[in-house]
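Enquirer: First the structure, which I've put down as structure tokens, then a few questions once you've had a look.
The values are calculated or read from the model by the stated rules, or taken from the named source; none is laboratory data. Since we're looking at a predicted model, the values are computed, not measured. For neighbour counting, all protein chains shown are included, and Cβ atoms are generated from backbone atoms with ideal geometry for every residue, glycine included.
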Amino acid sequence: MRSAIGLAVLTLFAASCATVTTSPPPPPPGTAVSIPDMRGTWRGTWGGAPVALLITDQQTAAGYSGLYVGNYQVLGHERPGVSGILTSQIDKAQTSVRAGGWFGGVGNQLTLVIVADSPSGQQRITVRPDGPDRLVGMGESSFRWGPSGPIELRRTAQTR
């Protein structure tokens, strides 16, 4: 009886530590999904309003998901990701906030999810490459006065 109660408590504890996300799963190890260098400035429109995404850093292991026991990952995967600054039109004013994201993949299609916490609430965009210097997808804001809908970004020319 004690073992059944202990097992039930352990199961409930593990379930409470799990996080449910609607983001795409990470690319499985060894798949043909290759992750290009996304660093740079991307400009375009989001729901008809101007938007810019400056990707300043790209990491091979930025996002983590799964079940951890101490520092050891028991279930889940590390995700490659990016960090930078998202500038979007919030309540008719351009607002820049820190943003972070991770790569995912379904089949052989690469997807990038970006999440930014603005003073008004959270913004989330999901884009996929459509050519070498173009990203397309959808985005939403957790507040009604923020951008929402289709997003299209083009990488601006870089000077080195």
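Enquirer: Within the range 40-53, which residues are within 17 Å of GLY131 (Cβ to Cβ) and of a type outside the set (Phe, Trp, Tyr)?
Expert: Within the range 40-53, GLY40, THR41, ARG43, GLY44, THR45, LEU53 qualify.
Enquirer: Give the range 42-76 a look and list any residue that's within 15 Å of GLY101 (Cα to Cα) and either modelled with pLDDT under 70 or more than 17 Å from the chain's Cα centre (by Cα) (or both), or say none.
Expert: ALA61, ALA62, GLY63, TYR64, SER65
Enquirer: In the range 109-132, what residues are exposed (fewer than 14 other Cβ atoms within 10 Å of the Cβ) and not in a strand (DSSP E or B)?
Expert: Across the range 109-132, the qualifying residues are PRO119, ASP130, GLY131, PRO132.
Enquirer: If I filter the range 133-152 down to residues being of a type in the set (A, V, I, L, M, F, W, C) and surrounded by fewer than 20 Cβ atoms within 10 Å (Cβ to Cβ), which single residue comes out as farthest from GLN94 (Cα to Cα)?
Expert: VAL136
Enquirer: Moving to a separate point now. Which of the residues belonging to the range 77-108 are basic (Lys, Arg) and assigned to a strand (DSSP E or B)?
Expert: Scanning the range 77-108 gives ARG79, ARG98.
Enquirer: Please indicate, with yes or no, whether at least one residue in the range 11-21 is of a type in the set (A, V, I, L, M, F, W, C) and modelled with pLDDT of 75 or more.
Expert: no
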